[in-house]
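I have placed the structure first, in the form of C-alpha cells, so that the comments after it can refer back to it.
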Amino acid sequence: MPDKKDKEYHNIEIQIISLYKGEQVKKLKIHSWLSSSCAFYTEKNSTWLIFAYNYNGELRFGYCSGAVQQDQKFDLVKYPDADVRHKENLDLKLAVLSWIKKSKMSFKNQHELSVWLPKENLEVLRNFNGTKSDFAVVEYEIAEDIKLRKTTLLKGFNNKKLSAMLLSQLKKAVKVNHRTLKELPEKTKVYGIYYFYPEGPYESFVSTYDL
C-alpha cells in the first residue's frame, strides 16, 4: 500500500525464507517512485532476493538495489535460454551470500578505500576450463601508508590453476587508493570478490562484477 508520509514509497508485508544478514522483519518499504523512469514494484505472492538498506531506522529497497525476482517467468519462445541464465545468475548470488554468512565476516570497507586489479591483468584470466559460474574471495591487508602489505585468497575457484593465476596477478598488480587521505589511522583489511564466467558465446573470463 502507498506510504502516507512519502509518495515515493510503498509499504509491503513479507515472509522471509532465508536470512543472510540482519534481523527478521515482516515489513519493508519499496522505493516505488511510480511516476518516474525508475518505477518499481513487486507482485503479490512473488519471491525475491532482496538487498535492503537502513534509512532513518527503516529497511528499504528499490530499482537500483540489486533485487532479483526468483520466480520470474520468461517468454521462452523469444528467449529460449533466459530461464537457465536467470537460474545460474541467481545461484551464483546465493552461493556468495551463503559463503559470507557461513564465514561470519564483515565486508565493510571502513575507510572507503579503492582496491582494484587493472583490466590488463584481468585479461590474463581468460580461457580457463569450467562449466559453471564460480567465485573467489580475497583479503587485502592495507598498511597505514595506504600500501598493500598482504594478499590472501580466502576462497579460490574450483579450478586450482585459475586460483593460482588470480593470486599471482593480485600480488603483482593490485592498486590501492583513497580520494583524499594520504594515511590511515590504523592498518585495515578490505575484501574483494572475483567472479568466473564459463565459456559460452565468448571465451571464459573473470570479472569483479556480478553479471
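Here are some notes:
- All of GLU141, GLU120 fail the test of being without any contact (Cβ under 8 Å) to a residue 60 or more places away in the chain and in a strand (DSSP E or B), apart from GLU141.
- Some residue of the stretch 48-55 being in contact (Cβ under 8 Å) with a residue 12 or more places away in the chain, under 19 Å from LEU97 (Cα atoms) and small (Gly, Ala, Ser): yes
- Taking residues in the stretch 96-112 that are under 15 Å from LEU49 (Cβ atoms), and partners anywhere that are surrounded by 12 or more Cβ atoms within 10 Å (Cβ to Cβ) and of a type outside the set (Gly, Ala, Ser), the pairs with Cβ atoms closer than 6 Å and at least 6 places apart or on different chains are VAL96/PHE135; LEU97/TYR20; LYS101/TYR20.
- On inspection, GLU183 fails the criterion of being open to solvent by 50 Å² or more (accessible area, probe 1.4 Å), touching a Gly at 6+ places or on another chain (Cβ under 9 Å), of a type outside the set (Val, Ile, Thr) and farther than 18 Å from LEU117 by Cβ.
- For the stretch 1-43, the tally of residues that are under 20 Å from the mean Cα position of the chain (by Cα), open to solvent by 50 Å² or more (accessible area, probe 1.4 Å) and of a type in the set (A, V, I, L, M, F, W, C) stands at 1.
- Residue, surrounded by the fewest Cβ atoms within 10 Å (Cβ to Cβ), within the stretch 52-98, restricted to residues that are among the acidic types (Asp, Glu) and within 19 Å of PHE135 (Cα to Cα): ASP91
- All positions within the stretch 170-193 that are under 18 Å from TYR209 (Cα atoms) and assigned to a loop (DSSP other than H, G, I, E, B): VAL174
- In the set (1) under 24 Å from GLY200 (Cα atoms); (2) modelled with pLDDT of 95 or more; (3) loosely packed, with under 12 Cβ neighbours inside 10 Å, the condition left unmet by LYS175 is number (1).
- Here PHE128 fulfils each of the conditions (1) surrounded by 14 or more Cβ atoms within 10 Å (Cβ to Cβ); (2) among the hydrophobic types (A, V, I, L, M, F, W, C); (3) at pLDDT 95 or above apart from (3).
- Lone qualifier among LYS150, LYS155 - being surrounded by fewer than 18 Cβ atoms within 10 Å (Cβ to Cβ), at pLDDT 95 or above and more than 21 Å from the chain's Cα centre (by Cα): LYS150
- Verdict on VAL137 being hydrophobic (A, V, I, L, M, F, W, C), open to solvent by 60 Å² or more (accessible area, probe 1.4 Å) and on the phi < 0 side of the Ramachandran plot: no
- Residues that are closer than 21 Å to SER46 by Cα and either outside any strand (DSSP E or B) or within 13 Å of the chain's Cα centre (by Cα) (or both) are absent from the stretch 100-108.
- Among the residues of the stretch 158-169, just one is open to solvent by less than 80 Å² (accessible area, probe 1.4 Å) and either part of a loop (DSSP other than H, G, I, E, B) or modelled with pLDDT under 95 (or both), namely ASN159.
The values are calculated or read from the model by the stated rules, or taken from the named source; none is laboratory data. Source: prediction; values computed, not measured. Cβ: placed from backbone, ideal geometry, glycine included. Neighbour counts: every protein chain shown. Keep in mind that these areas ignore ligands, DNA and RNA; they rest on the heavy atoms of the full protein, side chains included. Shrake-Rupley method; radii C 1.70, N 1.55, O 1.52, S 1.80 Å.
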